[in-house]
1. Note down the magnitude of the dipole of the stretch 118-188 about its Cα centre, charges +1 on Lys and Arg C-beta and -1 on Asp and Glu C-beta and zero elsewhere, to the nearest 20 debye.
2. For the stretch 59-137, count the residues as N, evaluate 2.2 N^0.38 Å, and divide the Cα radius of gyration by that value, please.
3. In whole Å and largest first, what semi-axes does the C-alpha gyration tensor of the stretch 45-95 yield when each eigenvalue is scaled by 5 and square-rooted?
4. Could you put V155, V59 in order of accessible surface area, largest first, with the 1.4 Å probe and the full protein assembly present?
5. Filter K106/K188; K73/K176; K78/K121; K78/K176; K73/K182 down to the pairs with a C-alpha to C-alpha distance above 31 Å, please.
6. What trypsin sites (Lys or Arg not before Pro) in the stretch 76-151 are in a loop by DSSP, with at most 14 other Cβ atoms within 10 Å of the Cβ?
7. Probe radius 1.4 Å, ligands and nucleic acids left out: which of W109, W140, W49 has the largest accessible area, and how do the rest follow?
8. Roughly how many whole Å is it from the C-alpha centroid of the stretch 67-89 to that of the stretch 36-54?
Amino acid sequence: MCGGNVKLTMTGGAVPVDQEYEAFASAVYGLFGNDRRLHGAEMSRCYEWVEEMGLPAEVVVYLIREMIAQHGKTVAIKTIEKRAAMLAEEEVHSVEDAEVVLTRDKAVWDGSRAVIRRFGKLRNPSEDEQAMYRTWHVDWGFSQEDILAACAETVKGEPTFAYLGGILSRLRAQQKTTGVEKALQQEKDAAAPLKALLKVMKLQNVTIN
(Lines give C-alpha, C1' and ligand atoms only; values in the text may rest on other atoms or scores of the structure.)
Protein backbone atom coordinates (compact mmCIF):
# COMPACT_ATOMS: atom_id res chain seq x y z
CA MET A 1 0.00 0.00 0.00
CA CYS A 2 1.16 3.54 -0.73
CA GLY A 3 0.44 5.95 2.05
CA GLY A 4 3.42 7.09 4.14
CA ASN A 5 3.35 10.87 4.67
CA VAL A 6 0.75 11.22 1.95
CA LYS A 7 0.12 14.67 0.50
CA LEU A 8 -3.28 14.90 -1.12
CA THR A 9 -4.69 17.42 -3.54
CA MET A 10 -8.37 17.59 -4.38
CA THR A 11 -9.92 19.27 -7.37
CA GLY A 12 -13.65 19.00 -7.21
CA GLY A 13 -14.42 15.29 -7.51
CA ALA A 14 -10.89 14.36 -8.55
CA VAL A 15 -9.24 11.25 -7.11
CA PRO A 16 -6.67 12.00 -4.38
CA VAL A 17 -3.08 11.99 -5.64
CA ASP A 18 -0.15 10.73 -3.57
CA GLN A 19 2.44 13.24 -4.71
CA GLU A 20 5.41 11.37 -3.19
CA TYR A 21 4.40 8.16 -4.95
CA GLU A 22 3.83 9.98 -8.23
CA ALA A 23 7.27 11.59 -8.04
CA PHE A 24 8.83 8.20 -7.29
CA ALA A 25 6.97 6.47 -10.12
CA SER A 26 7.94 9.22 -12.57
CA ALA A 27 11.60 8.82 -11.65
CA VAL A 28 11.50 5.04 -12.04
CA TYR A 29 9.58 5.17 -15.33
CA GLY A 30 12.22 7.60 -16.58
CA LEU A 31 14.97 5.05 -15.88
CA PHE A 32 13.36 2.46 -18.14
CA GLY A 33 12.20 4.97 -20.77
CA ASN A 34 10.30 3.58 -23.72
CA ASP A 35 12.21 0.30 -23.66
CA ARG A 36 10.13 -1.15 -20.85
CA ARG A 37 6.93 0.00 -19.23
CA LEU A 38 6.47 -1.38 -15.72
CA HIS A 39 3.05 -2.72 -14.71
CA GLY A 40 1.26 -0.98 -11.87
CA ALA A 41 1.88 -4.00 -9.63
CA GLU A 42 5.61 -3.84 -10.36
CA MET A 43 5.75 -0.16 -9.51
CA SER A 44 3.81 -0.72 -6.29
CA ARG A 45 6.25 -3.48 -5.38
CA CYS A 46 9.18 -1.12 -5.86
CA TYR A 47 7.52 1.46 -3.63
CA GLU A 48 7.07 -1.18 -0.92
CA TRP A 49 10.84 -1.04 -0.51
CA VAL A 50 10.33 2.53 0.63
CA GLU A 51 7.29 1.99 2.83
CA GLU A 52 7.96 -1.48 4.21
CA MET A 53 11.75 -1.81 4.11
CA GLY A 54 12.30 1.80 5.19
CA LEU A 55 14.65 2.74 2.34
CA PRO A 56 14.63 6.39 1.23
CA ALA A 57 12.96 6.85 -2.17
CA GLU A 58 16.16 8.32 -3.63
CA VAL A 59 18.08 5.23 -2.54
CA VAL A 60 15.61 2.94 -4.30
CA VAL A 61 15.80 5.03 -7.48
CA TYR A 62 19.61 4.89 -7.31
CA LEU A 63 19.50 1.11 -6.78
CA ILE A 64 17.23 0.58 -9.79
CA ARG A 65 19.48 2.76 -11.96
CA GLU A 66 22.55 0.75 -10.94
CA MET A 67 20.83 -2.59 -11.52
CA ILE A 68 19.75 -1.46 -14.99
CA ALA A 69 23.34 -0.44 -15.74
CA GLN A 70 24.55 -3.86 -14.60
CA HIS A 71 21.84 -6.15 -15.98
CA GLY A 72 20.02 -4.12 -18.60
CA LYS A 73 16.43 -2.89 -18.65
CA THR A 74 15.04 -6.43 -18.65
CA VAL A 75 16.33 -6.99 -15.10
CA ALA A 76 13.74 -8.80 -12.99
CA ILE A 77 12.07 -6.84 -10.20
CA LYS A 78 12.70 -9.78 -7.84
CA THR A 79 16.44 -9.49 -8.59
CA ILE A 80 16.40 -5.80 -7.66
CA GLU A 81 14.34 -6.62 -4.58
CA LYS A 82 17.07 -8.90 -3.24
CA ARG A 83 19.52 -6.02 -3.44
CA ALA A 84 16.98 -3.71 -1.80
CA ALA A 85 16.63 -6.18 1.08
CA MET A 86 20.41 -6.23 1.43
CA LEU A 87 20.53 -2.42 1.62
CA ALA A 88 17.76 -2.42 4.21
CA GLU A 89 19.56 -5.08 6.25
CA GLU A 90 22.69 -2.93 6.27
CA GLU A 91 20.56 0.06 7.34
CA VAL A 92 21.43 2.19 4.33
CA HIS A 93 19.88 5.65 4.66
CA SER A 94 21.61 7.65 1.94
CA VAL A 95 22.72 7.36 -1.66
CA GLU A 96 26.33 7.66 -0.48
CA ASP A 97 25.92 4.63 1.79
CA ALA A 98 24.19 2.72 -1.00
CA GLU A 99 27.05 3.51 -3.35
CA VAL A 100 29.56 1.96 -0.93
CA VAL A 101 27.51 -1.22 -0.55
CA LEU A 102 26.71 -1.58 -4.24
CA THR A 103 30.32 -0.97 -5.26
CA ARG A 104 31.28 -3.87 -3.02
CA ASP A 105 28.39 -5.88 -4.46
CA LYS A 106 29.54 -5.14 -8.02
CA ALA A 107 32.96 -6.51 -7.09
CA VAL A 108 31.19 -9.70 -6.03
CA TRP A 109 29.28 -9.84 -9.33
CA ASP A 110 32.39 -9.20 -11.42
CA GLY A 111 34.45 -11.67 -9.39
CA SER A 112 31.94 -14.50 -9.48
CA ARG A 113 31.46 -13.92 -13.20
CA ALA A 114 35.24 -14.14 -13.67
CA VAL A 115 35.20 -17.51 -11.88
CA ILE A 116 32.48 -18.73 -14.25
CA ARG A 117 34.62 -17.66 -17.19
CA ARG A 118 37.64 -19.44 -15.68
CA PHE A 119 35.50 -22.57 -15.57
CA GLY A 120 35.01 -22.17 -19.33
CA LYS A 121 31.34 -21.19 -19.16
CA LEU A 122 29.56 -18.15 -20.60
CA ARG A 123 26.50 -17.91 -18.33
CA ASN A 124 26.04 -15.40 -15.51
CA PRO A 125 26.55 -16.48 -11.88
CA SER A 126 23.50 -17.46 -9.85
CA GLU A 127 22.49 -15.73 -6.62
CA ASP A 128 23.83 -18.70 -4.63
CA GLU A 129 27.17 -18.55 -6.45
CA GLN A 130 27.42 -14.82 -5.77
CA ALA A 131 26.67 -15.49 -2.10
CA MET A 132 29.53 -18.01 -1.99
CA TYR A 133 31.90 -15.56 -3.68
CA ARG A 134 30.84 -12.85 -1.23
CA THR A 135 31.83 -15.15 1.64
CA TRP A 136 35.26 -15.80 0.14
CA HIS A 137 35.94 -12.20 -0.80
CA VAL A 138 34.21 -10.14 1.88
CA ASP A 139 34.14 -12.45 4.91
CA TRP A 140 37.30 -14.51 4.39
CA GLY A 141 39.41 -11.79 2.76
CA PHE A 142 40.53 -13.53 -0.43
CA SER A 143 41.27 -11.15 -3.31
CA GLN A 144 39.85 -11.82 -6.77
CA GLU A 145 43.36 -12.63 -7.97
CA ASP A 146 43.82 -15.28 -5.28
CA ILE A 147 40.36 -16.77 -5.86
CA LEU A 148 41.09 -17.11 -9.57
CA ALA A 149 44.49 -18.63 -8.76
CA ALA A 150 42.75 -21.32 -6.71
CA CYS A 151 40.61 -22.18 -9.75
CA ALA A 152 43.66 -23.97 -11.17
CA GLU A 153 43.13 -26.71 -8.57
CA THR A 154 39.61 -27.44 -9.82
CA VAL A 155 40.96 -29.10 -12.97
CA LYS A 156 41.29 -32.31 -10.95
CA GLY A 157 37.52 -32.74 -11.17
CA GLU A 158 34.37 -31.01 -12.38
CA PRO A 159 34.95 -27.29 -11.68
CA THR A 160 32.19 -25.94 -9.47
CA PHE A 161 31.81 -23.21 -6.88
CA ALA A 162 31.44 -25.90 -4.21
CA TYR A 163 34.72 -27.51 -5.28
CA LEU A 164 36.47 -24.13 -5.31
CA GLY A 165 34.95 -23.30 -1.94
CA GLY A 166 36.48 -26.44 -0.46
CA ILE A 167 39.93 -25.44 -1.70
CA LEU A 168 39.59 -21.92 -0.30
CA SER A 169 38.26 -23.25 3.00
CA ARG A 170 41.34 -25.46 3.34
CA LEU A 171 43.65 -22.53 2.57
CA ARG A 172 41.80 -20.33 5.05
CA ALA A 173 42.21 -22.99 7.76
CA GLN A 174 45.95 -22.88 7.03
CA GLN A 175 45.83 -19.05 7.26
CA LYS A 176 46.84 -18.74 3.61
CA THR A 177 44.34 -16.17 2.41
CA THR A 178 46.95 -14.21 0.43
CA GLY A 179 49.54 -15.35 -2.07
CA VAL A 180 47.41 -18.35 -3.03
CA GLU A 181 49.28 -19.17 -6.23
CA LYS A 182 52.58 -19.35 -4.35
CA ALA A 183 51.02 -21.38 -1.51
CA LEU A 184 49.58 -23.93 -3.93
CA GLN A 185 52.90 -24.22 -5.76
CA GLN A 186 54.69 -24.83 -2.45
CA GLU A 187 52.24 -27.63 -1.69
CA LYS A 188 52.98 -29.23 -5.05
CA ASP A 189 56.73 -28.91 -4.54
CA ALA A 190 56.49 -30.47 -1.08
CA ALA A 191 54.42 -33.37 -2.39
CA ALA A 192 56.60 -34.06 -5.44
CA PRO A 193 59.24 -36.29 -3.70
CA LEU A 194 56.53 -38.43 -2.09
CA LYS A 195 54.73 -38.79 -5.41
CA ALA A 196 57.97 -39.91 -7.03
CA LEU A 197 58.53 -42.46 -4.25
CA LEU A 198 55.02 -43.87 -4.63
CA LYS A 199 55.56 -44.15 -8.36
CA VAL A 200 58.79 -46.12 -7.83
CA MET A 201 57.03 -48.36 -5.32
CA LYS A 202 54.20 -48.77 -7.87
CA LEU A 203 51.57 -47.97 -5.27
CA GLN A 204 48.23 -47.22 -6.89
CA ASN A 205 45.20 -45.25 -5.66
CA VAL A 206 47.13 -43.63 -2.82
CA THR A 207 46.03 -40.13 -1.86
CA ILE A 208 48.68 -37.67 -0.71
CA ASN A 209 47.42 -35.35 2.02
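1. 180
2. So the stretch 59-137 has a normalised radius of gyration of 1.10.
3. They are 17, 11, 9 Å, listed largest first.
4. Of V155, V59, the descending order of accessible area is V155, V59.
5. Result: K106/K188; K73/K176; K78/K176; K73/K182 exceed 31 Å.
6. Passing sites in the stretch 76-151 are K121, R123.
7. If we order W109, W140, W49 from most to least accessible, we get W140, W109, W49.
8. A separation of 12 Å, based on Cα centres.
The values are calculated or read from the model by the stated rules, or taken from the named source; none is laboratory data. If you're wondering where the values come from, they're calculated on a predicted model, not measured in any experiment. Heads up, the Cβs are rebuilt from the backbone with ideal geometry, glycines too, and the neighbour counts pull from every protein chain shown. Please note that ligands, DNA and RNA were not included when accessible areas were found on the heavy atoms of the full protein model with its side chains. Shrake-Rupley method; radii C 1.70, N 1.55, O 1.52, S 1.80 Å.
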